[in-house]
Amino acid sequence: MSERLRTRHLHRFEAAGKAFLYLQSAAIFALDDASRAILDLLEAEPRSRHEMQTALAARWPTDELEESLDELVKVEAVAPVDQAPAPMPKIIPLEPFPLTTMVMNVTNQCNLACAYCYEYGEDKIVETANGAQPKFMSEETATQSVDFMLREAGPNKVVHMTLFGGETLLNLPVLKIAIPYARQRAMEAGKRVEFNLTTNATLLKPDVVDFLVENDVAVTISIDGPPEMQDTFRVFRSGAGSYDVAMPKIKELLRRHRTKPIGARVTLTSKTLDVGRIFRHLTDEVGFREVGFAPVTTSPDRQYAIEDGGFDTMLGQFRTLAEEFRDHALENRHHAFANVKDTLEEIHKGANKAYPCGAGLGLIGVATDGQVALCHRFAGSDEHTMGTVDGGIDRERQAEFLDRHHVARKTDCRTCWARPLCAGGCYHEAQTRYGATDAPNLHYCDWIREWTDVCLRIYGELAERNPAYLARFEGRVTDEASQAS
Ligand code: SF4
Ligand code: SF4
């Protein structure tokens, strides 16, 4: 009797009336009717080729079935039952690659006191092994960081420099030195720096807007929506809401800064989950052309933590916006929902991740004292340091980190069909939830898989009905830090 076959970890979805497979190689495979019938049979139970031919003989000739089956075996959608799963492909070599993004925390101070921000900073310390961590990055550390960034960028011609806080604009004097310095030094090195600055907008005075415009700095505004949502958590120390202070300044920035994207970045909590209302407000009423959402990073016992029912609400609202995005894309019209655009771009580029993000790989965070961290969220945490800007990256520590965090070590993720896009999720979230950066974020698997399915369907529909739209993603570089908070 010939060997029995079964399906591998794959995901089937339908789009534009056609059937597709999303494979562990991150490839998308269109299914003909015979392949669909084969998969239906094999998903019910493993069978031999002969059994399948017998079951399907009335509908397809043997040679046609054989051809479809060979194709499914070739793309590793189907494999013999007793064949051990192939070892995880070395999707990304276990080696660091040159720096693409440096996120510089110019201060760890903030003029707001957002409840969720305090919590996710709990792993940070003010005292490090080298002494007290300064509240503000010095001019000297900032210029050293720039030199470090250009050195570590190796052959990369373009480097992304993200200015971050605390509230970034509290250290305006250092920004005014670091940005022109980076531009000058990059030019001398035959490179170009793309700047992005994250702010809560409350300090965006006219002279600051002038500075951002003149220096071509893209801006990400942290904002949670209309007044009743913004003022729930994004408050001053006095408890007063920040909406009325931030909003006129945001509108002025949007009116005057036209050369670079100005994006809104929303933190969703159990109390502020009306994604549709937030989106309409920020686009139609305020004028943002890019709005991205991220669920709050928190331990589950917090009042504002999003739990199961909340994830369902969020998914329903994301789906509605994603379908709206699709309808716009079919007519080549812009739509501001950044989450779907970012995922479509990853799908189009065949993202096949061994690591969830660029942290510690091509992306590095720098703390106010010049300590090099995994990413901006770990900046200031002694435990996750990766060197210093004057001493360089600690390669041994980085290699150990990459080895320990490779997705091949995450048992649940190895057999998950969403692994090519998720790879276990944010290390900082894992640290907050499970106390370990190498834990997979299993609390949000259902949400990740369902959201990935939504995006795959939209991708399939665009690929069938307006492939020219997807061509815009070719050659674009994704800046991991711009997607993170
Ligand atoms: S964290 Fe969950 S959804 Fe993500 S790859 Fe792992 S098992 Fe899959
Ligand atoms: S996903 Fe998490 S670990 Fe990765 S860069 Fe973003 S905040 Fe850092």
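How tilted is helix 338-348 with respect to the longest principal axis of the chain? Cα atoms for both, answer in degrees (0 to 90, nearest 10).
Taking the Cα atoms of the chain, the angle to 338-348 is about 50 degrees.
Grab the alpha carbons of region 4-80, take their convex hull, and tell me the volume per residue in Å³. Write out the running numbers ahead of the final one.
On the way: hull volume 6.3 nm³, N = 77.
Cα-based convex hull of region 4-80, divided per residue, equals 82 Å³.
Throw me the Rg/Rh for the chain, computed over C-alpha atoms with Kirkwood Rh, two decimals.
On the way: Rg = 24.2 Å, Rh = 24.1 Å.
In the chain, Rg relative to Rh is 1.00.
What is the distance in Å between the Cα centroid of region 236-298 and that of region 414-474?
Using only Cα atoms to place each centre, the spacing works out to 24 Å.
Loop sites only, by DSSP: take the trypsin sites (Lys or Arg not before Pro) in the chain that have at most 12 other C-beta atoms within 10 Å and name the longest stretch containing none of them.
Numbers: sites that count: Arg59, Lys90, Lys157, Arg237, Arg258, Arg333, Arg476.
Result, exposed sites excluded: 334-475.
Could you tell me which Cys residues in the chain have no other cysteine's Cβ under 4.7 Å from their own Cβ, answering none if every one has a partner?
Cys110, Cys357, Cys375, Cys413, Cys416, Cys422, Cys426, Cys445, Cys455, each lacking another Cys Cβ under 4.7 Å.
Compute the signed sum of charges (Lys and Arg +1, Asp and Glu -1) over the other residues within less than 11 Å, Cβ to Cβ, of Asn200. Could you put the intermediate results ahead of the total?
Working: positive: Arg234, Lys249, Arg265; negative: Glu167, Asp224.
Value of the local net charge: +1.
Every number in this text was worked out from the coordinates using simple rules, so none of it is lab data. The structure displayed is predicted, hence computed values, not measured ones. Backbone-built Cβ (ideal geometry, glycine too); neighbour counts: all protein chains shown.
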